[in-house]
4 protein chains.
Amino acid sequence: MARPKSPEKRNAILAAAIQLIAEQGLSVSTSKIAKVAGVSEGSLFTYFETKEALLNELYLELKSEVRANMLDTYPAQASLEARARYIWDMYVRFGIAHPDKYKVITQLSVSDSIQEQTRRLSMEGYEALHAIVQELFAYGALKDQPYAFGTALLLSLMNMTIEFIAHHPSEADRFWDAGFTAFWNAVTGP
Amino acid sequence: MARPKSPEKRNAILAAAIQLIAEQGLSVSTSKIAKVAGVSEGSLFTYFETKEALLNELYLELKSEVRANMLDTYPAQASLEARARYIWDMYVRFGIAHPDKYKVITQLSVSDSIQEQTRRLSMEGYEALHAIVQELFAYGALKDQPYAFGTALLLSLMNMTIEFIAHHPSEADRFWDAGFTAFWNAVTGP
Amino acid sequence: MARPKSPEKRNAILAAAIQLIAEQGLSVSTSKIAKVAGVSEGSLFTYFETKEALLNELYLELKSEVRANMLDTYPAQASLEARARYIWDMYVRFGIAHPDKYKVITQLSVSDSIQEQTRRLSMEGYEALHAIVQELFAYGALKDQPYAFGTALLLSLMNMTIEFIAHHPSEADRFWDAGFTAFWNAVTGP
Amino acid sequence: MARPKSPEKRNAILAAAIQLIAEQGLSVSTSKIAKVAGVSEGSLFTYFETKEALLNELYLELKSEVRANMLDTYPAQASLEARARYIWDMYVRFGIAHPDKYKVITQLSVSDSIQEQTRRLSMEGYEALHAIVQELFAYGALKDQPYAFGTALLLSLMNMTIEFIAHHPSEADRFWDAGFTAFWNAVTGP
DNA sequence: GATGAATGAGCGTTCATTCAT
DNA sequence: AATGAATGAACGCTCATTCAT
């Protein structure tokens with residue numbers, strides 16, 4: 001019966017947090033975030049109990065956005081390589097298209113503010129990805145490693161590729177391909 | 001500005017910074033660093049003009065330590081694979097043997113506090129590494145890429161490997177090998 | 001301003017205030033009080049214009065409860081000592097039976113939030129008590145003092161006794177008696 | 001070798017705290033205290049680690065001042081009544097001469113901010129007082145009560161007397177005497 | 001050179017109260 | 001009447017840096 005919480009305000013806060021964290025790091029103050037979001041300092045805390053809660057929710061939102069992007073048109077019937085390439089393309093595209101969000105995800109990934117529970121939640125929905133890595137690992141050079149190793153390998157190469165492209169945007173395509181080739185060889189070769 | 005009187009104090013400050021940054025992140029206060037180092041708050045600023053200067057000098061020291069470690073017994077005459085493996089072993093070994101220093105390097109690498117100038121300086125002395133990567137790139141899958149791409153690839157896989165081992169220490173050897181295999185395949189395959 | 005619709009809500013707010021002030025002091029937030037009372041933050045302010053008003057009304061309610069308790073079965077015909085003892089017993093019993101309410105009364109008594117007007121109102125209805133003190137003061141050691149002095153004396157000894165018993169509950173009876181004896185001697189002796 | 005901590009500043013902070021707590025209660029902000037003391041907000045915390053520490057130290061200072069006052073010229077050889085009256089006079093005089101300090105002591109006495117340890121420390125040095133009460137309790141109406149009861153009784157009557165005088169200053173002497181008479185009768189009579 | 005007291009802006013968070021719903 | 005979102009000043013405390021000693 002009272003004024004309902006406004007999703008617009010919540011989104012404005014999250015958007016402001018993305019922008020400012022990308023610019024200034026995780027230590028941006030809640031008051032700056034509130035100001036950029038156009039809400040009062042107090043309001044920020046009616047939408048997020050603490051700064052830490054804000055960061056955790058932000059992490060989940062971003063992860064979920066990446067996932068939605070990725071699985072929407074997932075070519076479940078395609079060849080293994082095509083599916084792997086699909087994952088690669090979606091993730092790298094996201095990193096390049098949304099550099100602020102990408103920066104924030106990577107900063108949050110290594111932050112102490114993200115709780116174990118949040119990390120666990122953030123992995124849900126990536127079963128397709130895990131399945132691909134497992135298939136890839138069935139044969140090939142890394143067949144004796146746990147597939148978590150493959151996931152880490154994939155992630156680290158995608159991130160490297162995104163960052164490389166960010167620094168050399170004029171030749172994005174070629175590094176995009178080269179990164180995938182490196183991954184594919186790493187996992188399937190020799 | 002003049003060379004400070006006591007290198008011991010300078011080193012104590014750097015050592016304290018390493019320990020505390022590894023534990024608590026880059027936001028540790030200078031006063032905590034001074035206390036752990038056993039010097040006064042004021043003295044810290046006679047050895048390092050600002051906190052940012054301290055972080056930049058720390059970054060250079062650590063990078064330089066890694067490099068010294070690496071090039072000391074570099075097997076210049078060995079095979080390409082043996083030299084590549086040597087680099088791999090030295091870097092990964094360092095990351096595992098000195099987890100605090102490794103954590104600090106990775107935190108500083110992505111920090112806004114490190115100036116471009118510092119980053120440039122920190123790359124000096126890695127010519128041997130660059131040469132290896134260039135040789136590796138002469139043939140193989142990535143022969144059309146700039147060797148900086150190869151360096152980034154190598155670094156990202158080494159870091160991934162170190163972190164994976166840090167989380168699964170009981171099977172260090174196997175991931176150590178697997179990481180190198182992945183790199184070798186990535187660059188030379190298929 | 002108009003008589004609020006639901007006396008139940010008003011009472012729930014007062015009860016919550018008693019509980020929380022006893023636990024956490026006068027600085028409890030109105031929002032905590034509202035939550036414990038099961039009403040909305042806004043509703044609290046339709047029942048009490050401000051927090052200060054809430055505290056003042058609470059003070060009057062509690063004082064009035066004490067008085068009701070006391071005068072209900074007042075033995076108007078008994079001896080002076082019996083009547084004095086009756087007052088003593090009722091007050092001390094109240095303090096021990098309702099420690100939360102007692103704590104709140106004493107906290108409010110010394111609080112800046114209670115207005116002079118409230119204090120004056122809170123004294124109404126204690127005529128019987130005043131009469132006893134006046135009788136007591138007719139003869140005895142304090143016969144030249146205003147009876148307000150006697151009232152203050154009585155109150156201070158009752159409070160002291162209640163607090164002493166609260167800290168040494170296993171010997172309540174003995175301190176209960178001793179307190180009254182002290183008062184009786186103080187006023188009638190030597 | 002650095003600038004030494006200045007006792008003047010510490011005292012200024014304590015004095016400001018006394019004045020402001022007497023006026024506004026224990027909830028005065030540290031920043032108001034700092035402002036009145038003429039030091040920066042930060043400096044307050046170099047003299048007192050937390051607000052709670054400030055309150056505890058203030059309590060000890062005030063208790064110690066009362067004690068010094070009391071025991072300085074203590075008439076150890078005088079009669080029991082003379083010694084009791086001496087204690088009475090010193091305490092009441094202090095309460096009347098220093099109403100701010102008196103208010104602060106009584107507020108702190110019942111505050112949650114004062115730690116058990118502080119309370120224990122604050123009782124040291126009052127052996128003479130305890131001895132008097134014990135002597136008084138050897139005979140008389142309260143001879144079966146623990147002397148802590150007598151101490152509480154004495155304290156409560158002194159406080160009542162001080163407060164009564166504060167509200168009726170023109171007849172201070174008479175209430176001063178009457179209070180002591182009440183106490184003496186309470187303990188020795190009938 | 002060494003020390004640590006001094007500073008005041010800034011931090012994350014809470015609060016009593018208002019007012020749109 | 002009831003709700004709870006909105007507000008921004010205020011809170012206790014920390015910080016990097018300066019400077020008197």
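Rolling a 1.4 angstrom probe over the protein assembly as shown with all protein chains present gives an accessible area of which 53% lies on carbon and sulfur atoms. Compute the long axis of helix C:51-71 from its Cα atoms, compare it with the longest principal axis of the Cα atoms of chain C, and write down the angle in degrees, 0 to 90, nearest 10. Compared with the principal axis, the helix lies near 40 degrees.
The two copies A and D are related by a rotation, and the chain A beta carbon nearest its axis, with distance in whole angstrom, is A:Ser31, 9.
Pairs of Cα atoms under 8 Å, at least six residues apart: use those to get the relative contact order of chain A, whole percent. Answer for chain A is 20 percent.
Summing charges over all other residues whose Cβ lies under 11 Å from the Cβ of B:Leu58, with Lys and Arg as +1 and Asp and Glu as -1, gives 0. Once you order the gyration tensor axes a ≥ b ≥ c over the Cα atoms, which shape class does region C:137-190 get: rounded for a/c under 1.5, otherwise prolate or oblate by comparing a/b with b/c? Judged from the Cα gyration tensor, region C:137-190 comes out oblate (a/c at least 1.5, b/c at or above a/b).
Overall, the ratio between the Cα radius of gyration of region C:1-49 and 2.2 N^0.38 Å, rounded to two decimals, is 1.06.
If you take all other residues with their beta carbon under 12 Å from the beta carbon of D:Thr181, and give Lys and Arg +1 and Asp and Glu -1, the sum is 0. Applying a threshold of 26 Å to the alpha-carbon distances of D:Lys5/D:Lys35; A:Lys143/B:Lys101; B:Lys51/B:Lys101; A:Lys9/A:Lys103; A:Lys103/B:Lys101; C:Lys35/C:Lys103 flags A:Lys143/B:Lys101 as lying beyond it. Inter-copy label distances at C:Arg119, shortest first and taken from points set 7 Å along Cα to Cβ: 2.7, 6.0, 6.9 nm.
What region D:64-188 shows is 48 Å² of accessible area per residue, with the surface traced by a 1.4 Å probe over protein heavy atoms.
Summary for A:Asp100: label point 7 Å along Cα→Cβ; distances to the equivalent points in the other copies, ascending, 3.9, 4.9, 5.3 nm. Once the Cα atoms are used to define both axes, helix C:7-24 deviates from the longest principal axis of chain C by about 70 degrees.
Using only protein heavy atoms and a 1.4 angstrom probe, determine the accessible area buried between A and B, summed over both sides, in Å² to the nearest 100.
Chain pair A/B: roughly 2100 Å² of buried accessible area.
Remark: region C:1-49 carries 60 Å² of accessible area per residue (probe radius 1.4 Å; ligands, DNA and RNA excluded).
What is the sum of charges, Lys and Arg at +1 and Asp and Glu at -1, for the other residues whose Cβ falls under 12 Å from the Cβ of B:Ile13?
Once positives and negatives cancel, what remains is +1.
Close amide H pairs (under 5 Å, H built 1.01 Å from N) link B:Val39 with no residue at least 5 positions away or on another chain. Each part gets one Cα centre, and for region D:147-170 versus region C:20-38 those centres are 32 Å apart.
Backbone phi angles across region B:85-101, fed through the Karplus curve with coefficients 6.51, -1.76 and 1.60 (θ = phi - 60°), yield HN-Hα couplings of 5, 4, 4, 3, 4, 5, 5, 5, 4, 4, x, 7, 6, 10, x, 4, 4 Hz in residue order; Gly and Pro are listed as x.
Going from the isolated chain to the complete set of protein chains, region B:160-190 loses at least 30 Å² of heavy-atom accessible area (1.4 Å probe) at B:Met160, B:Phe164, B:Arg174, B:Phe175, B:Ala178, B:Ala182, B:Asn185, B:Ala186, B:Pro190. Between this copy and the others, label points of A:Ala53 are 3.0, 3.1, 4.3 nm apart in ascending order, each placed 7 angstrom from Cα in the Cβ direction. For chain A, what class follows from the C-alpha gyration tensor (a ≥ b ≥ c being the square roots of its eigenvalues): rounded when a/c is under 1.5, otherwise prolate if a/b is larger than b/c, else oblate? Because a/c hits 1.5 or more and a/b exceeds b/c, chain A counts as prolate. For region D:85-190, the square roots of the Cα gyration tensor eigenvalues, ordered a ≥ b ≥ c, give a/c of at least 1.5 with a/b no greater than b/c, which places it in the oblate category.
The values are calculated or read from the model by the stated rules, or taken from the named source; none is laboratory data. Every value quoted in this text rests on a predicted model; they were computed, and no experiment measured them. As a convention, Cβ positions derive from the backbone with ideal geometry for all residues, glycine included, and neighbour counts pool all protein chains shown. Each accessible area value is taken on the protein alone, full model and side chains, heavy atoms only, with ligands, DNA and RNA left out. Shrake-Rupley method; radii C 1.70, N 1.55, O 1.52, S 1.80 Å.
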